[in-house]
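Below: the structure, in structure tokens.
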Amino acid sequence: MSTTDPSAISTITEHKAMFEAMLAKKLDAYIPDAELYVKAKIAAQINQLKRERNAVILGHNYMEPALFHSIPDYVGDSLELSRKAAQTDKDIIVFCGVRFMAETAKILNPSKTVLVPAKRAGCSLAESITAEDVRKLKAQYPGVPVVTYVNTYADVKAETDICCTSGNAVEVVNSLKTDRIIFLPDQYLAGNIARETGKHIIFPSKKPVSQEKQAETPNMDWQFLGWHGACEVHERFTVDDIKMVREQFPDVLVLAHPECPPDVVAASDYSGSTTAMIKHVEKTNAARYLLLTECSMGDNIAAANPDKEMVRLCSIRCPHMAEITLEDTLAALQKTQYVVTVPEDIRVKAFNAVDRMIKIGGTGKRD
Ligand code: 13P
Ligand code: SF4
């Protein structure tokens with residue numbers, strides 16, 4: 001008499017249930033049924049393995065719809081996911097997001113195994129600045145506190161007084177109560193926060209400057225010193241994009257992530273972190289909305305709000321977030337790859353900057 005493996009039965013049951021759940025979320029509007037069926041099977045396998053290995057999966061809001069709606073225990077923006085990483089009691093953290101986010105989880109959880117399901121999963125902002133750049137700025141402006149966006153690598157965070165995310169940057173800046181702040185590395189987030197908090201912002205010269213010119217900078221009227229980094233997705237949105245859409249749809253609600261250029265944010269109706277944008281669409285009475293952010297998040301929001309119309313302007317995907325797939329997440333759990341490591345001396349210093357940020361809080365809401 002042949003016996004059937006109970007774990008095979010439970011995989012089949014879980015696969016079917018996952019497929020039904022994906023259909024209920026109307027994901028078939030974005031992904032053909034046959035593909036959704038295959039993805040549901042992989043998601044069911046991941047969820048089984050996740051339980052067996054006592055793992056937690058954190059998913060950033062930019063994950064593609066099938067992944068976003070299936071395997072994460074928690075989804076959210078950078079701030080929410082840092083908080084979840086700080087609270088977890090699981091042995092393994094699988095971070096479905098980019099490397100700097102997974103590094104933040106490791107900084108907060110040195111004894112846990114942190115996996116990111118892609119070899120690189122970079123970020124144009126994180127790559128725009130080095131720890132040496134920060135040390136040079138600190139030497140040039142001694143005593144001025146350094147606020148660093150979490151979209152940076154651990155060695156940069158280690159040179160920092162406090163981190164921030166798009167969800168708490170205003171609270172972090174206000175908490176410092178100093179005349180001047182070095183705010184790194186996103187020139188646009190810095191510009192938006194400077195505008196919101198009424199500070200005058202300047203940027204260090206990209207070209208080498210004479211000693212005399214350098215000596216003049218401390219005497220200039222500035223409260224914010226920025227850097228030249230930019231998000232390769234958000235820097236592409238323009239005020240003309242907004243004008244064009246408003247001409248065609250005068251009632252459209254325009255939401256822009258604060259990594260967009262300040263003139264774009266100023267021409268929008270709302271700006272906030274990825275989660276703040278999601279919540280704003282949920283509660284708005286506007287019949288249609290335009291999102292100036294990564295396009296997978298648009299798909300996730302559209303699937304969750306079938307009664308509102310999303311105006312499709314473009315299809316800018318973050319190539320780094322797009323590296324994270326269900327297939328690679330399964331492989332990450334099966335092979336325990338790619339393990340995120342942070343040298344202990346750097347981790348301890350970076351921890352102080354991240355922990356200080358988490359203790360400040362922040363809502364992600366910026367209206
Ligand atoms: P949030 O913190 O708003 O999720 O943004 C992270 C990010 O990388 C946006 O490009
Ligand atoms: Fe980095 Fe921009 Fe991608 Fe966010 S969307 S991870 S800031 S490149």
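The values are calculated or read from the model by the stated rules, or taken from the named source; none is laboratory data. All values reported here derive from a predicted model rather than from experimental measurement. For neighbour counting, all protein chains shown are included, and Cβ atoms are generated from backbone atoms with ideal geometry for every residue, glycine included.
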Suppose we filter A353, A287 for residues that are more than 15 Å from the chain's Cα centre (by Cα), at pLDDT below 95 and more than 29 Å from N47 (Cβ to Cβ); which single one remains? A287
D161 being modelled with pLDDT under 95 and more than 13 Å from E259 (Cβ to Cβ): no
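Can you say whether K308 is closer than 21 Å to D28 by Cα and more than 16 Å from ligand 1 (Cβ to nearest atom), as far as the supplied structure shows?
Working: closer than 21 Å to D28 by Cα: yes; more than 16 Å from ligand 1 (Cβ to nearest atom): yes.
Spelling it out, K308 is indeed closer than 21 Å to D28 by Cα and more than 16 Å from ligand 1 (Cβ to nearest atom).
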Within the range 99-151, restricting to residues that are polar (S, T, N, Q) and in contact (Cβ under 8 Å) with a residue 60 or more places away in the chain, the one that is surrounded by the most Cβ atoms within 10 Å (Cβ to Cβ) is T104
Taking the range 314-330 as the region of interest, how many residues are away from ligand 2 (no atom under 16 Å from the Cβ) and over 16 Å from N54 (Cα atoms)? 3
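Hey, can you tell me all the residues within the range 202-242 that are among the β-branched types (V, I, T), more than 16 Å from ligand 2 (Cβ to nearest atom) and either at pLDDT 95 or above or surrounded by fewer than 11 Cβ atoms within 10 Å (Cβ to Cβ) (or both)? Don't jump to the end; show me each part of the working.
Residues of the range 202-242 that are among the β-branched types (V, I, T), as a first pass: 202, 209, 217, 233, 238-239, 242.
Add one more test, that the residue is more than 16 Å from ligand 2 (Cβ to nearest atom), and what stays is 202, 209, 217, 238-239, 242.
Once the filter is applied, which keeps residues that are among the β-branched types (V, I, T), more than 16 Å from ligand 2 (Cβ to nearest atom) and either at pLDDT 95 or above or surrounded by fewer than 11 Cβ atoms within 10 Å (Cβ to Cβ) (or both), the range 202-242 yields T238, V239, I242.
Just name the residue that is surrounded by the fewest Cβ atoms within 10 Å (Cβ to Cβ) out of those in the range 258-295 that are within 15 Å of ligand 1 (Cβ to nearest atom) and polar (S, T, N, Q).
Only one residue fits best here, namely S268.
Every residue in the range 290-322 that is over 19 Å from F249 (Cβ atoms) and at pLDDT 95 or above, please. Before you say what the answer is, go through the steps one by one.
In the first step, residues of the range 290-322 are kept if they are over 19 Å from F249 (Cβ atoms); the result is 294, 296-297, 299-300, 303-304, 316-322.
Across the range 290-322, the qualifying residues are C318, P319, H320, M321, A322.
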Can you report the number of residues in the range 113-135 which are away from ligand 2 (no atom under 16 Å from the Cβ) and either under 19 Å from the mean Cα position of the chain (by Cα) or at pLDDT below 95 (or both)? 2
Result of the Cβ filter at 6 Å on the range 223-244, keeping first residues that are closer than 19 Å to K199 by Cβ and without any contact (Cβ under 8 Å) to a residue 60 or more places away in the chain and partners that are in a loop (DSSP other than H, G, I, E, B) and more than 12 Å from ligand 1 (Cβ to nearest atom), at least 6 apart or interchain, is Q223/R180; Q223/K199; Q223/H200; F224/K199; G226/F203
Positions within the range 40-84 being among the charged types (D, E, K, R) and farther than 21 Å from T13 by Cβ, in sequence order: E64, D77, E80, R83, K84
Considering each residue of the range 40-98, count those that are assigned to a helix (DSSP H, G or I) and either without any contact (Cβ under 8 Å) to a residue 12 or more places away in the chain or over 17 Å from the mean Cα position of the chain (by Cα) (or both), and give that number. 15
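Suppose we keep only residues that are among the hydrophobic types (A, V, I, L, M, F, W, C) and within 13 Å of ligand 1 (Cβ to nearest atom) within the range 74-94. Which one would you say is surrounded by the most Cβ atoms within 10 Å (Cβ to Cβ)?
Residues of the range 74-94 among the hydrophobic types (A, V, I, L, M, F, W, C): 75, 79, 81, 85-86, 92-94.
Now restrict to residues that are within 13 Å of ligand 1 (Cβ to nearest atom): 75, 79, 81.
Details: V75: 25, L79: 26, L81: 28.
So, considering only residues that are among the hydrophobic types (A, V, I, L, M, F, W, C) and within 13 Å of ligand 1 (Cβ to nearest atom), the one surrounded by the most Cβ atoms within 10 Å (Cβ to Cβ) is L81.
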Result of the Cβ filter at 6 Å on the range 290-319, keeping first residues that are free of Cβ contacts under 8 Å to residues at least 60 places away in the same chain and partners that are more than 16 Å from ligand 1 (Cβ to nearest atom) and part of a helix (DSSP H, G or I), at least 6 apart or interchain, is L290/V245; M310/A302
